[in-house]
Structure formats: C-alpha cells, structure tokens
Amino acid sequence: MEKLKTLNPKILAIVLIFFVTFVLILFLSLFIGPKNKNGGQVTLNTPTPAPIQIPEDELIPTPIIQNPVSALTNRLGLVSFSVINITLPKKMNVYGGSPTPIEKSTGTNIAQKLGITTQGKITSTTNGDALSFQDKGKNLIFYLSAGNTQFFNGNATTDKTTGQSLDILSNTARGFMNLFSPISDGLVLDNKNIAFMVGGGDVESVPTFEEATTLDVPFIATIDSYPLYSQFGSNAQGHVWIDKNGQVLRVTLNTKQTLTASKTVEIFTLEQAKKQIINGSGTIVKYGGDEDVNLPTPTSTLFTGVNVGYIKDDTSKIIYPIFVFEGVATTNNSTYPIVVYLPAYIGN
C-alpha cells in the first residue's frame, strides 16, 4: 500500500483504467454473448433451424440454418440428383406452435382403458406437474403441461418368442396406441421405420426382423397432411415397444401441437431447391449410421428422393415447411446414407 501511495497519480489512474477495462471485457464475454436455448454459450456445432417469429403485418425473414464448421466447405462433394419430378405445393403455411397440455381427466380415462384401477397421484417435477398411476406392474405417467406420456409394462413375461408376423405385431401396436386417444389422435404408423431390437426395449439394434426379439414401432404426426420432422433422431411423436409375443413393453408419446398463428409463404420449385442444395444450403441431419464416426467429407452425393414436410424449431416455437433430400454419399469407395433438410421457402 505504501508503494501505491508513492505512485504518480497519473500512472495510478492509467493502471486503474486498464484494470477496469479488463474486468468489463470479461463480464461482457461471460454474460452478454449469444446464448443457446439452454442458456449456455452458442457453439458453431449447434445447427439452428430458422429461428423466426411471426409478428403482425411484418415480413417473414429468410430462414437460415447454421452448420457445423466441419460441414461448411464442400460438405457434399459433387452433387447429383436422380429425383423424379414430384408434384409440390406452391404455397404452405408457417405456424407458431406449442404442445397441447394434458387434462387430468384425460389421463384418468386413459388409465382406465389400460386396465389401471388405482387413483392417480399428482407430483411436482422439473417438467411441471405429473399425474402418475401404478397398478399391478403397470406404470403410467402424464407430464400435464409438457404434454408427454410414458407407459411401462412390468408384467411382460420372458418366455421364448412365438414368432408372430411383422404385420400382426404392427397392428397390435397400432391398436394399443389407439388406447391413448385423444392424445394419440392423428398419429400415423410409420411402417418403413420400424426398428428391430434385441432385449426388452432399445437395448441393441439388429438389422433384420428375424434376429429381433423386440420391435420399436414409430408413429408420426402430420400438419396439413404433411409429416412433421424432427431436427435429429426419430421423427416419431409416439413409440410402441412390443416383443414378438405381442406383449407391449413400453409406450412414449407427445401430444399434438396447438397451432397458434400462421402465415402463407411461397414454396421453392424443385429446381430452385436443387440449386440451393448445390450452393451449400441446408443442414446435414444424417450421414452414415450410428456406428459410423468421423466419416471423411464425401467426394460425391447422389440424392435419390425428396419429400416436403414441416419441422419445429423448439427455440422460437415456429413450425415451418422444409424439403427433405435423401440419398447416398460416397467417400473412399464406400457409400453411406445421407439426409439433408432445406427450408422450403424464401421470406417475402
């Protein structure tokens, strides 16, 4: 302290200015930097699917999707298409959306349809109030405000599988999902994406129905008759896990979206969408399988299919139209499945 007192006042003032400036810069970098939806700092490895809003009497901005740094340069290689021209809508809607809450009475009615005779119990969770039922090995939980449902069947036997056919098991899963009406209303069985498992649930994936002991049967939601896609993972809003004896092991289910606002937008033509892909727009949401890690950049990509649908941005609560391009990417003389999402419209 004695040395500080003997310093020239001008020198002391300069030192204090540098110290205050350093502290201010550190504060700004920690607290005022861009945040992601969980409150943390944004990273370049977080794809952002078009965070747009729908203000009254204002134009909808062009959607922008950020890609991981590793995917920004020549991320598809030489691009080609063998997509048959399909009939596309000229206009679609952009919606604001939120999960539909579950009423306690709805949960109680579903419990009765599942043969549960005990009274439900309300508990407070990090996801809001939950209504839960436990009866004779069955566990049923409704997260009321979040609109999520889970069912577990503890009564399933472990007898050797009897080998029911895929069609019979799919129909059994569909019938069981119908018991969750009205929450499950409007869901469509996604036959082509049924997953084959070994064990009671998603313990281990196997490639064929013959090897499986358990099936994960997915159900997808639609908006305006178009499928609702997810940013990553399964597009399903509901799943039924069923073993080959026809015993339902587990169910997970999200409620349909309550659409709160909408605007109509012009959709790209297929040729315009192809040009966007060639120019590097869109987000790679799948490249290879679960077992493929750190695949090199493709030398070429051939897109063999395209669909149109909707996707929800959970940050901005916006549901907007997209193109879904599917195909194969080639690298080191090996081919891998690839899926790219592309916003289907220009802000206007």
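The values are calculated or read from the model by the stated rules, or taken from the named source; none is laboratory data. Everything quoted here is computed from the prediction, not taken from an experiment. Neighbour counts are summed over all protein chains in view; Cβ atoms, including those assigned to glycine, are modelled from backbone coordinates with ideal geometry.
List of remarks:
- Every residue from the stretch 119-163 that is surrounded by 17 or more Cβ atoms within 10 Å (Cβ to Cβ) and within 17 Å of Asp216 (Cα to Cα): Thr149, Phe151, Phe152, Asn153, Ala156
- Residues that are over 23 Å from the mean Cα position of the chain (by Cα), under 26 Å from Thr126 (Cα atoms) and without any contact (Cβ under 8 Å) to a residue 60 or more places away in the chain do not occur anywhere in the stretch 170-191.
- Only one entry in Thr172, Thr118, Thr123 is of a type outside the set (Gly, Ala, Ser), part of a loop (DSSP other than H, G, I, E, B) and more than 21 Å from Lys256 (Cβ to Cβ), namely Thr118.
- Filter result (assigned to a loop (DSSP other than H, G, I, E, B) and free of Cβ contacts under 8 Å to residues at least 40 places away in the same chain) within the stretch 192-201: Ile194, Gly199
- The criterion of at least 2 residues that are in contact with a Phe, Trp or Tyr (Cβ under 8 Å, 6 or more places away or on another chain) and closer than 30 Å to Gly107 by Cβ is met, among strands (runs of 3 or more DSSP E) falling completely within the stretch 202-316, by 214-220, 226-229, 238-243, 248-254, 257-266, 300-313.
- Subset of the stretch 77-93 (residues that are in a loop (DSSP other than H, G, I, E, B) and at negative phi): Ser82, Val83, Ile84, Asn85, Ile86, Thr87, Leu88, Pro89, Lys90
- Filter result (exposed (fewer than 15 other Cβ atoms within 10 Å of the Cβ) and either in contact (Cβ under 8 Å) with a residue 24 or more places away in the chain or of a type outside the set (S, T, N, Q) (or both)) within the stretch 81-97: Ser82, Ile84, Asn85, Ile86, Pro89, Lys90, Lys91
- Restricting the stretch 279-306 to residues that are surrounded by fewer than 14 Cβ atoms within 10 Å (Cβ to Cβ) and on the phi < 0 side of the Ramachandran plot leaves a set whose member that is modelled with the highest pLDDT is Thr304.
- Residue in the stretch 234-256 that is over 19 Å from the mean Cα position of the chain (by Cα) and within 25 Å of Val83 (Cβ to Cβ) present: no
- The stretch 209-246, subset more than 26 Å from Ile311 (Cα to Cα) and among the acidic types (Asp, Glu), residue surrounded by the most Cβ atoms within 10 Å (Cβ to Cβ): Asp243
- Being farther than 15 Å from Leu249 by Cα and modelled with pLDDT of 95 or more holds for only one residue in Leu114, Leu131, and it is Leu131.
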